[in-house]
Structures are given as structure tokens and as C-alpha cells.
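The values are calculated or read from the model by the stated rules, or taken from the named source; none is laboratory data. Quantities reported herein were computed from a predicted structural model and do not represent experimental measurements. Backbone-built Cβ (ideal geometry, glycine too); neighbour counts: all protein chains shown. The area values use the complete protein model at the heavy-atom level, side chains included, leaving out ligands, DNA and RNA. Shrake-Rupley method; radii C 1.70, N 1.55, O 1.52, S 1.80 Å.
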Amino acid sequence: MVFQRDVAPGIHRLEHAYTNQYLVEVDDRLVIVDAGLPRSYGPLVEAIHHLGRDVDAVSALIITHGHFDHVGTARRLAKQWRIPVHVHRDDAWLAAHPYRYAHENTTRGGVPLRNPPSWKLLSRMAFAGALTVRGINTSKVSVFDDDAVLPGEAEVVPTHGHTFGHVSLYYPDRDAVISGDALVTLDPYTAAYGPRMIAGSATADLERNRASLDALAATGAKSVLPGHGVPWHHGVAAAVERARHTDG
């Protein structure tokens, strides 16, 4: 577990098994962005306690997309903490069936097999429960569309492509954008570092993902907070320029 406070003002990063979650302070409450893996539950509670809060301070969960490593605790949080779970309308079904995702590569395992350094990352994710995620029923989520403003004054940035309903979240007052997996600084499937898109093993439409980077760049944010890898504080435009030249 890695816990970093204030990776942007009032936004804190929890990394567990190479997968990020963010805790966003909203007055005296917390909004969680992404739900990690099943065994991320304990580290999440610990992170909340590090902030001097208890779990009853959490008011909502926002999911950037419905892949298994971003919905791992969503079902449990909704049931036990009784918090609303927000997911884009086009990813609600995927959040309920998090292994049935579209991907460009005909064999998902091909890219990791060609990139042995990724085996460590993927095995750590598997140990954290990546193979046993239970999705969250569509009746238990609050769906939103591209023009939504979500809890914490998060502006939805449509970045469809990694999944068909993938979104990023822009916080103008914090000069930061949570990019989910539209742009990461670590690809678990290749173990490659630096701003990039994730490999086609886990991306529905690489060209659509690449086009969506325009929406990220348009925010002009200083800080990019990715779903995997460390935050980038050198401006979203520079991160997007680098990511455009990755082949996924």
C-alpha cells in the first residue's frame, strides 16, 4: 500500500496492487474515485483513518470505468457503507460484469507474454483479488451522462475508448484531472512507465482512446492523476503529447 496525501489540493492517492484509488475531500466529507480490487478494502479503510476520518465520512463512490480492477470493492461499499455508486450509463452493464469487456487484441494474454516484467504486476493484482471480482448490479448504481457534474464538483470529461463509457474527472478549483485508464503512467500489461494508453489487451478501441486525449488536454490541468502509476504534475498537455505516441 502507498498512501500519498494531497497529490492535488484535497485529493489523496491510495495505491494498492499497482492500482490507484483517490479520496477527494469535499467539505467534511470524502468522495472515493474508483474501487480498486477486493483486497483493497483494508487499505482503503486505513487510508481514511490516516485522514483522521471514519468510513461514515464517505458520501459517494465514482467509478471511471467498469473494469474489474476499478470496481473490486464497489459492491461491498454500496452494501455496507450505504453510499451511492456513480457510473457512466455506457459502462453500467460492464460494472456488473467486469470481465466481459471489449478489447482490441484477439488474445488478452499475448501482450503480457511478450512483456515478462508485467508478470510481477499482474500477479500482485491477482493476489489482491483480480480474479474474483463480483460486479455491482445495475439496479444499485446511479448512472450519469457525458454532461454530468458529480459529487465534489467533479466535471465529467468523456474519454471513451478504453471502455465505451470511460470518463475522466476534472476538478477546476484543484487544477487536476483524474484520468482513470484513458491515460496512465504505468501500463500493467506491459510494465511500461510514462504517460501512455493501456495496451489493446484491455482497451476496447485504441483509436477512440487516442482521440479522447483531446478532451483531457482541453482541461489544461496541471496535474494528471492516473488509474495506474504515479501522478504527473507537468501539465496535461505534455502528458497527452507523450501518450499520443504510444502504440497501446
Original post:
Could you count how many residues in segment 152-180 are under 15 Å from V26 (Cβ atoms) and more than 16 Å from the chain's Cα centre (by Cα)?
Top reply: 5
Original post:
of a type outside the set (F, W, Y), over 18 Å from the mean Cα position of the chain (by Cα), open to solvent by 40 Å² or more (accessible area, probe 1.4 Å) and over 19 Å from F68 (Cα atoms): does that describe P117?
Top reply: yes
Original post:
Being open to solvent by 10 Å² or more (accessible area, probe 1.4 Å) and at pLDDT below 95, is that true of even one residue in segment 55-65?
Top reply: no
Subject >> Checking A148 against (1) closer than 28 Å to Q80 by Cβ; (2) under 17 Å from the mean Cα position of the chain (by Cα), the condition it does not meet >> reply: (2)
Subject >> segment 69-80 - residue that is of a type outside the set (K, R) and surrounded by fewer than 24 Cβ atoms within 10 Å (Cβ to Cβ) and, of those, farthest from A154 (Cα to Cα) >> reply: Q80
Subject >> Any hit, segment 103-125, residues being within 19 Å of A218 (Cβ to Cβ), among the basic types (K, R) and out of contact with any Phe, Trp or Tyr (no Cβ under 8 Å at 6 or more places or on another chain) >> reply: no
**OP:** Go through segment 174-193 and give me each residue that's over 20 Å from D69 (Cα atoms) and in contact with a Phe, Trp or Tyr (Cβ under 9 Å, 6 or more places away or on another chain).
**Re:** A176
Subject >> Qualifying positions in segment 9-38 - within 16 Å of the chain's Cα centre (by Cα) and either more than 20 Å from V141 (Cα to Cα) or open to solvent by 10 Å² or more (accessible area, probe 1.4 Å) (or both) >> reply: I11, H12, R13, L14, E15, H16, A17, Y18, T19, N20, P38
**OP:** Sort out which residues of segment 216-233 are under 15 Å from the mean Cα position of the chain (by Cα) and in a helix (DSSP H, G or I), and write them in order of number.
**Re:** L216
Subject >> Hits in segment 81-94 - residues which are within 16 Å of I32 (Cβ to Cβ) and open to solvent by 30 Å² or more (accessible area, probe 1.4 Å) >> reply: W81, R82, P84
Original post:
Are any of the residues in segment 153-170 open to solvent by less than 20 Å² (accessible area, probe 1.4 Å) and of a type in the set (D, E, K, R)?
Top reply: no
